[in-house]
Amino acid sequence: MGLRRYDIHGYLAVETNMKKVEIPRYFMVKRPIKPDIRISEGELGKIGPLRPLGLRLFVGDKVLVHRCLSLIDMRLVLKDLLGSGGPTEIRFNRPYRLFRELVQGISLWHLLKLIIMVRLLSSAGLTFAHASCVAIDGQASLFSGWSDVGKTATAIGLVRAGGGDVAYMAEDITIVGPGGLVLSWPSIPRRVVARPFERAPLLRKITVRGERLLPPDVKKEHKAKIAKVFFLIPGPRERPRRLGQEEAFKKLVLATDMAFNFASELILLAYSYADPSFDILSLRERHIDLLRELTSRADCIELRAPGPEGFIEQAKALLC
């Protein structure tokens, strides 16, 4: 299988042989790159001397192996998480991915995106916010909230209604940094038509998806400054409410933790436990500080409406 290469805003290069890649095509490059993260599915090869950390976890020198208890060999290897001696390497065999995704119902890309988050944070001082994002004249507006509240639909609706003045930046992940910096993660989402096996735990992740919600050539902004953070609350419509910095900060942290909390991922916790050079607690503090600074620089507003149409209407009135 051929290699796919991604350059994330010039801060992080990722190389993988996986067929399904949950990194926006916007970042794909054809030229050879020196990867910061190498993701490989296939044969694992020799790993080196290991000692048990737990029943399923084994560690060596900057290496962690997660092995599922089974008659089938199912393993994932995480090597040099901070990239101090070369690229971070994540290797796993196909049975491991299939077991995780089909039996446990957990996309392996959830872990891979957390590792990307850790590398961005540790090397570039950037982190993820769980929010969609649009930009107008270089000023970014984030839309945060709990899962399935309508973050994507709100951003898409504003871009569609903007007549070319509203640029698309992110569907579910927005990269943020110091000084109110906002960087895009411009996945082009598809409409979810149905979840035919919603009641079957092993098949719950299977969805039937419809057309793209935005054309691939929609106007995009890759870099902007924070202007507003909207918090979307479903329910009876009320007037928009401005939030104090502390309330907005807590909401943004909690909404982000719900989807992207690297400090709660077992494999990353175990790696930090075994390798003192990866101080997961200090890195977590840096992540929280960036979200605090973001909300301190933004006009933070709570929107209450029955659904995305109401959020779009309220946001338009405040952005135009």
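FYI, it's all coordinate maths here, none of it is from the lab. Quick caveat: nothing in here was measured; it's all calculated off a predicted structure. We place every Cβ from the backbone using ideal geometry, glycine too, and count neighbours over all the protein chains shown.
Some points to look at:
- Point-to-point label distance, residue 17-residue 148, nm (Cα→Cβ direction, 7 Å offset): 3.8
- Within the shell defined by Cβ-Cβ distances under 9 Å, the residues around residue 238 carry a net charge of +3, with Lys and Arg each +1 and Asp and Glu each -1.
- Share, in percent, of DSSP beta bridges within the stretch 4-124 that are antiparallel, nearest 5: 75
- Cα centroid separation, the stretch 304-320 to the stretch 264-285 (Å): 39
- Each Lys and Arg contributes +1 and each Asp and Glu -1, all at the Cβ; summed about the Cα centre of the chain, the dipole is approximately 780 debye.
- Among the listed pairs 20/251; 79/223; 113/223; 251/316; 62/223; 223/316, those with a Cα-Cα distance over 27 Å are 20/251; 79/223; 62/223.
- Amide H contacts of residue 302 (H built 1.01 Å from N, under 5 Å, at least 5 apart or other chain): 231, 241, 242, 243
- Overall size of the chain from C-alpha positions, given as principal axis extents largest first: 61, 42, 39 Å.
- Taking every DSSP bridge with both residues inside the stretch 1-45, close to 70 percent are antiparallel.
- Charge tally in the Cβ shell below 11 Å around residue 314, where Lys, Arg are +1 and Asp, Glu are -1, residue 314 excluded: +1
- Here the 3J(HN,Hα) profile of the stretch 124-136, calculated from phi with Karplus coefficients 6.51, -1.76 and 1.60 at θ = phi - 60°, is 10, x, 10, 9, 9, 10, 7, 6, 7, 7, 10, 9, 10 Hz, Gly and Pro shown as x.
- Take every DSSP beta bridge whose two residues both sit in the chain; close to 65 percent of them are antiparallel.
- Note that the stretch 241-249 has calculated 3J(HN,Hα) couplings of 10, 6, 9, x, 4, 5, 5, 5, 4 Hz, one per residue in order, obtained from phi through the Karplus relation 6.51 cos²θ - 1.76 cosθ + 1.60 (θ = phi - 60°); glycine and proline are x.
- Hz values of 3J(HN,Hα) by residue in the stretch 98-114 - Karplus curve (6.51, -1.76, 1.60), Gly and Pro given as x: 5, 4, 5, 7, 8, 8, 7, x, 10, 5, 4, 5, 4, 5, 5, 5, 5
- Whole-angstrom gap from the stretch 46-89 to the stretch 226-249, using each part's C-alpha centre: 43
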